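Input: a single structure, listed below in structure tokens.
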Amino acid sequence: MKILQEIGLTDSEIKVYLALLEIGSSKKAAIVKKAKITSSKIYEVIDKLIEKGLASYVVKNKVKYFNAAPPTRIKDYLKEKEAKLKEQEDAFDKILPSLELKQTLVESGTDAEIYRGWKGMQTVYNDLFESLKKGEQYYIFGASKGLDEKKVKSFFSRFNERVSNKGLQANIIFNENARGNITNVEKTGKVKYLDQTTPAEILIYKNKTAIVLLEKEPLVILIRSKSVAKSFLTYFNVMWMMAKK
């Protein structure tokens, strides 16, 4: 039956299932004879049918008797497959942006690097500090307290002091729940707040964009691309209009 193949049953599973429907509760030998499959394969096939809820067995006098599930069970099997497919689709949606980013980076010849831990964070923010001259600007949106608030506060307090001393101009959109968490931030430039919670903050300077995940051990993806930086800056400007002081 072609429809049974289309819903995911193999030829052997179809033969055994139809045989069980026709002969009812049966021992191994009778199923092998009716389904016309090799004896060595029968248990493997029946196990697959049992996993799919299309067969079962009982033990009588230490002998297994196998039974087919009612044909209506196939509709339940289809619904389970549909639910599983929806779960897979949702899981794929979560990784789709990162996959598309990989493709964009390859197609544009963009260079990207990954930095881990607080030393990695220091490397990226040192690059920002050294890349900009007095009066030049950088942009951050989705700024948060991070998971380790004490370390985040210490790190950015020191960095903001350096920024202020050099005369760099920051434009930062914090998540509202981070208000008052970072010291020295007001000395760096313009600061606004947005009522949101974001999993990452985005840092833009020169032709570089850093995606910063402030986990216990931070993760930073640094992208060198004029077009990517321009795209994120456009998004920043939209959010800046929505944010409040």
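Summary table below
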{"quantity": "Check on residue 86, basic (Lys, Arg) and either touching a helix residue (DSSP H, G or I) at 6+ places or on another chain (Cβ under 7 Å) or not assigned by TED's automatic domain parsing to the domain that holds residue 7 (or both)", "calculated": "yes"}
{"quantity": "Some residue of segment 106-117 being at pLDDT below 90, hydrophobic (A, V, I, L, M, F, W, C) and assigned to a helix (DSSP H, G or I)", "calculated": "yes"}
{"quantity": "Scope segment 214-239; condition small (Gly, Ala, Ser), assigned to a helix (DSSP H, G or I) and either outside the structural domain of residue 172 (by TED's automatic domain parsing) or under 21 Å from residue 123 (Cα atoms) (or both); matching residues", "calculated": "229"}
{"quantity": "Failed item, numbered, when residue 140 is tested on (1) surrounded by 14 or more Cβ atoms within 10 Å (Cβ to Cβ); (2) at pLDDT below 90; (3) closer than 20 Å to residue 211 by Cβ", "calculated": "(2)"}
{"quantity": "Number of the condition not met by residue 95 [criteria: (1) part of a helix (DSSP H, G or I); (2) modelled with pLDDT of 85 or more; (3) under 35 Å from the mean Cα position of the chain (by Cα)]", "calculated": "(2)"}
{"quantity": "Count of segment 216-230 residues which are surrounded by fewer than 14 Cβ atoms within 10 Å (Cβ to Cβ) and under 22 Å from residue 196 (Cα atoms)", "calculated": "1"}
{"quantity": "Helices (runs of 4 or more DSSP H) lying entirely in segment 1-75 (those with 2 or more residues that are surrounded by 13 or more Cβ atoms within 10 Å (Cβ to Cβ))", "calculated": "11-23, 28-35, 42-51"}
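The values are calculated or read from the model by the stated rules, or taken from the named source; none is laboratory data. This one's a predicted model, so the numbers in the text were calculated from it and none came from an experiment. Please note: Cβ atoms are built from the backbone with ideal geometry, for glycine as well, and neighbour counts cover all protein chains shown.
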